[in-house]
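Reading through the structure tokens given below for one structure.
Readers should treat all values here as calculations from the given coordinates under stated rules, not as data from a laboratory. Predicted model, so just to flag it, every value in this text is computed and none were measured. Don't worry about glycine lacking a Cβ; one is built from the backbone with ideal geometry, like all the others, and counts go over all protein chains shown.
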Number of protein chains: 2
Amino acid sequence: MSTVEELCLAARKAQPALAMASTGQKNAVLTQIATLLRERTPSLLIENQKDLDAAKDAGLSGAIVDRLRLNADRIAQISKGVEEIIALPDPIGGISQLETRPSGIRVGRMRIPLGVIAMIFESRPNVVIDAGALCLKSANAVILKGGKEAKHSNLALATLLSDALEAEELPRKAVVLLQERSEVNTLLEQANTVDLVIPRGGEGLIRYVTNNSRIPVVQHYKGVCHLFIDESADLAMASRIAVNAKTQRPGVCNALETLLIHEAVAEEFLPAITKKLRALGVVLRGCEKSRSEVPDMDAASEEDWHTEYLDLILSVRVVEDMNQAIQHIDTYGSDHTESIVTTNYQRAHEFVARIPSSAVMVNASTRFNDGSQLGLGAEIGISTSRLHAFGPMGLNELTTSKFVIYGDGNVRK
Amino acid sequence: MSTVEELCLAARKAQPALAMASTGQKNAVLTQIATLLRERTPSLLIENQKDLDAAKDAGLSGAIVDRLRLNADRIAQISKGVEEIIALPDPIGGISQLETRPSGIRVGRMRIPLGVIAMIFESRPNVVIDAGALCLKSANAVILKGGKEAKHSNLALATLLSDALEAEELPRKAVVLLQERSEVNTLLEQANTVDLVIPRGGEGLIRYVTNNSRIPVVQHYKGVCHLFIDESADLAMASRIAVNAKTQRPGVCNALETLLIHEAVAEEFLPAITKKLRALGVVLRGCEKSRSEVPDMDAASEEDWHTEYLDLILSVRVVEDMNQAIQHIDTYGSDHTESIVTTNYQRAHEFVARIPSSAVMVNASTRFNDGSQLGLGAEIGISTSRLHAFGPMGLNELTTSKFVIYGDGNVRK
């Protein structure tokens, strides 16, 4: 049994071989992964069943058991996800902005891998493959630290990744799996071998990792997303967008949580949208002014404005003007996704300029803040931290760039 | 007297006004700064003299006193630096990669400020203006924490920055000065208000900040820069580059520290380059093979290979081939700057691909790793950390991007 330090060092030593692998070689590894997922489906299900049995014995909640569960259909989905990553362009090796400087040197920026990425995640075993495939395509070695409740599933999947690497004559240790919670703190100290930590899971996990890491962390905190209905809004459009943003998939981070309505249109808009949303099972919680328009609405508490419901619940506030809407977002927002519905050119421009969230939208559903919708392809998460990557993180966000300088004997004067 | 928390919050609240300021308004602030530097030179020198007197009384070293010292010429230089930043393009607000997605939304990436940047630096008071001007042009508020030995100078310069902001009707608190060492730990905990910490100074300072910060840190560690002379090198070119890289300005991070020589050319190259470098006052320390070519050369210790001399000292090693050179760089390098001299196309390509340093060069002096030489304009430092920015950090590296989405009532299917 190797120590965490040794395993991280092994990953670091394996990584240069990925960096030098051709696009074809990396895609061959991914093709192997997709093939092995299909071939090994029966044995993967057996390993997964061990985790499910243990979860049942431990009395874990139905939601956790559901997140843990693999079946043939889910494995096929995971395999399809890998094939989508094969189809994406190789993010490594391209040189951009190549130009000749006054000194005569030619200077460009070459995309390179970050190095070694540690993913710390909770119960979903599919993260092993999703994150593994994205890291390998971007030539990063990856340390996977999964939840102990998925330990048999994670081990089978991580072994599959190493087998795929070996089949293409790349080092098995470019993928390393850690299984013990006690290993997390040691992992977070390996700043000499690990370049980036990405925690995926609840707010508690992310805060713990951030507070204990000596390695840079990209955070994916909650999404308390806002939609502001301006006084100039096309109210039919506003209604369509609000319904979509709240109900199309309420359990995800880019779903709408708070609706802000300009007071000039509240009387007309609020009763109508309330009726529509309630018909779809949404519970509304409103400010005092909202409740004067819709008296049977529950009152929103201070707590509500901070809450990511991830459920069919919506908080509603009537605001005096766009300034008050922006102030509300500044106070309660999570830098994730905000949208305005307006027909006014200047308001649209000002809203986009003033809101510092990772995605700011005009006349569109917050549900569009997603790597695949925005054109990045598969994503490893949506960063709410401003350093390195802000918003959806795809293959390119798992890279950095170095300067390349082509000279002809040039020296500094 | 406000607390550190209050001062950081004040900077955070001041920052949106910078984000909304026009290019003209920001340049007007910088013009004010340059003007005030000239106008206030006499009073700045009086304040600086207080620091110099205290340094003398405290028995600080001549090198520290020299770094502390301002004079009319240095102030004019600082002012000129500000004027160069005025001439650079505004890094904020541009939208790139705007494209229409299959859903019909138009998606682009808009450059935005990071927010609040904390600079923690040692004795040079010019950092107040250099860093202040770069942060303000990139619409970031800045917390400046200088060394206590420069407290009078720093206060006078930070006040000047706030005065320039006020003259253009921007908030004074977009620049905040901290003066006490005891405030550093509290500053490093303000992750809710401060977005990035940049320590500038010795390795001890950088390590301390990295190990104690809850906020992302961009590190600027040492530069142990290497030059590899390949067997196919044009030796006249190799000699010119080695001399320039070592002697043109030995006290800076992109100066050459270790010369690696392919053994096939060691016999011809080593005695000649030794003679040239010694004539320029350089002391050489070599491996065993080097010393068999040049017997009166001192022996290099293990320590030497790790050392950034910042002085007229050079370590020299003869290597069997490029693989051994790359292995040496992997072991002892600092991810800063490495260069190869070669006439071989494939070697050049392979060296550039395999070396993961922030700048990799072919047939050029390591001294070119500098923001202004590479086309970035003024720089705030050279990052040796791979996250967010790697290599010279100019105005663009003080920004991040958010996604902007322009729709026409689009919803997710």
Query raised in the report: From the label point of residue A:302, set 7 Å from Cα along Cα→Cβ, how far away are the matching label points in the other copies, in nm, ordered shortest to longest?
Result: 5.9
Requested in this report: Could you work out how far helix B:203-212 tilts from the main Cα principal axis of chain B, as a 0 to 90 degree angle to the nearest 10?
Outcome: 50
Query raised in the report: What is the order of A:296, B:234, fewest Cβ neighbours within 10 Å to most?
Result: A:296, B:234
Query raised in the report: Long-range amide H contacts for residue A:233: which residues qualify at under 5 Å (H placed 1.01 Å from N, peptide plane, sequence gap of 5 or more or a different chain)?
Result: A:343
Query - For the stretch B:299-413, alpha-carbon Rg and Dmax in angstrom - result: 19.6, 73
Query raised in the report: Hey, what do the phi angles of the stretch A:156-169 turn into as Karplus ³J(HN,Hα) couplings, whole Hz, using 6.51/-1.76/1.60 and θ = phi - 60°, x for Gly and Pro?
Result: 5, 6, 5, 4, 4, 4, 5, 4, 5, 4, 5, 4, 9, 6
Query raised in the report: GNM, chain A, Cα, under 10 Å: largest mean-square fluctuation among A:47, A:263, A:180?
Result: A:180
Requested in this report: Any chance you could tell me what percent of the C-alpha pair distances in chain A go past 42 Å?
Outcome: 24
Report task. Once you've got the GNM for chain B with C-alpha springs shorter than 10 Å, pick whichever of B:157, B:270, B:374 has the biggest mean-square fluctuation. Result -> B:374
Query raised in the report: In nm, what does the list of distances from residue A:65 to its counterparts in the other copies look like, shortest first, when each label sits 7 Å along Cα to Cβ?
Result: 7.9
Report summary line: Checked the stretch B:225-373 against the a/c 1.5 cut and the a/b vs b/c comparison, axes a ≥ b ≥ c from its Cα gyration tensor; verdict rounded
**Report entry** Helix-only [θ]222 nm of chain B, DSSP H runs n ≥ 4, -39500 (n - 2.57) each, per residue, nearest 500
**Finding:** -13500 deg cm²/dmol
Query - Under-5 Å amide H pairs with residue A:194, H placed in peptide plane, nonlocal only - result: none
Query raised in the report: Considering the dipole of the protein assembly as shown built from charges on the beta carbon (Lys and Arg +1, Asp and Glu -1) around the Cα centre, which of A:369, B:406, B:3 is farthest to its positive end?
Result: B:406
Report summary line: Looking along the axis that carries chain A onto chain B, the residue of A whose Cβ comes nearest, with distance in whole Å, is A:388, 2
Query raised in the report: Residue by residue through the stretch A:22-37, which ³J(HN,Hα) values in whole Hz follow from phi under the Karplus form 6.51 cos²θ - 1.76 cosθ + 1.60 (θ = phi - 60°), with glycine and proline marked x?
Result: 6, 4, x, 5, 5, 5, 5, 4, 5, 4, 4, 4, 4, 5, 5, 4
Query raised in the report: Counting DSSP beta bridges with both partners in the stretch B:84-210, what percentage is antiparallel, nearest 5?
Result: 20
Query - Fraction of antiparallel bridges per DSSP, the protein assembly as shown only, in percent to nearest 5 - result: 25
Report summary line: Where a ≥ b ≥ c are root eigenvalues of the Cα gyration tensor, a/c under 1.5 meaning rounded, otherwise prolate if a/b exceeds b/c and oblate otherwise, the protein assembly as shown counts as oblate
Query - Computed log₁₀ I(q)/I(0) - Debye formula, equal Cα scatterers, no solvent, the stretch A:23-64, q 0.15, 0.23, 0.24, 0.33 Å⁻¹ - result: -0.55, -0.75, -0.77, -1.00
Report task. Could you give log10 I(q)/I(0) at q = 0.18 Å⁻¹ for the stretch B:203-283, computed by the Debye formula over C-alpha point scatterers of equal weight, without solvent? Result -> -0.75
Query - Alpha carbon centroid spacing (whole Å) that separates the stretch B:369-413 from the stretch B:1-62 - result: 25
Report summary line: Sorting from shortest, the nanometre distances separating the label point of residue B:76 (7 Å past Cα along the line to Cβ) from those of the same residue in the other copies are 7.9
**Report entry** Peptide A:349-362, shielding by other chains (average Cβ, 10 Å cutoff)
**Finding:** 5
Query raised in the report: About the Cα centre of the stretch A:223-376, what is the dipole size in debye to 20, counting +1 per Lys and Arg Cβ and -1 per Asp and Glu Cβ, all else neutral?
Result: 580
Requested in this report: Take peptides B:398-405, A:85-92, A:255-262 and line them up by average Cβ neighbours within 10 Å, highest first, as a rough protection proxy.
Outcome: A:255-262, B:398-405, A:85-92
Query raised in the report: Across peptide A:214-222, what mean number of C-beta atoms from other chains lies inside 10 Å of a residue's C-beta?
Result: 2
**Report entry** For chain B, share of DSSP beta bridges that run antiparallel, in % to the nearest 5
**Finding:** 30
Requested in this report: Count, for each residue of A:393-404, the Cβ atoms from other chains sitting within 10 Å of its Cβ, then give me the mean as a whole number.
Outcome: 4
Query raised in the report: From the Cα gyration tensor of the stretch B:251-313, with a ≥ b ≥ c the square roots of its eigenvalues, which class applies: rounded if a/c is under 1.5, or else prolate if a/b is larger than b/c, or else oblate?
Result: prolate
Report summary line: Taking the dipole of the stretch B:82-140 about the Cα centre (Lys, Arg +1; Asp, Glu -1; charges at Cβ), the one of B:107, B:85, B:117 that reaches farthest to the positive side is B:107
Report summary line: Using alpha carbon positions and the Kirkwood radius, the Rg to Rh ratio of the stretch A:88-184 is 1.16
Query - Computed over the stretch B:124-280, the ratio Rg/Rh where both radii use C-alpha atoms and Rh is Kirkwood - result: 1.17
Report task. Report, in whole Å, the centroid distance computed from the Cα atoms of the stretch B:124-149 and the stretch B:264-334. Result -> 39
Query raised in the report: Picking from A:45, B:136, B:297, whose Cα lies most toward the positive end of the charge dipole for the protein assembly as shown (charges on Cβ: Lys, Arg +1; Asp, Glu -1)?
Result: B:136
**Report entry** Calculated from backbone phi, Karplus (6.51, -1.76, 1.60) coupling profile of the stretch B:225-236 in Hz, x at Gly/Pro
**Finding:** 8, 10, 10, 10, 9, 6, 4, 8, 4, 6, 6, 5
Query raised in the report: Under unit Cβ charges (Lys, Arg +1; Asp, Glu -1), what dipole magnitude, rounded to 20 debye, does chain A have relative to its Cα centre?
Result: 1320
Report summary line: Going from the fewest other Cβ atoms within 10 Å to the most, one would list A:331, A:35, B:342 as A:331, A:35, B:342
Requested in this report: Only Lys, Arg, Asp and Glu count, each charged at its Cβ (+1, +1, -1, -1), so figure out the dipole size of the protein assembly as shown about its Cα centre, rounded to 20 debye.
Outcome: 620
Report summary line: Mean-square fluctuation maximum in Gaussian network of chain B, Cα pairs under 10 Å, restricted to B:52, B:18, B:227, hits B:52
Query raised in the report: Looking at this model, which pairs from A:148/A:402; B:148/B:173; A:402/B:173; A:80/A:145 are more than 32 angstrom apart at the alpha-carbon?
Result: A:148/A:402; A:402/B:173
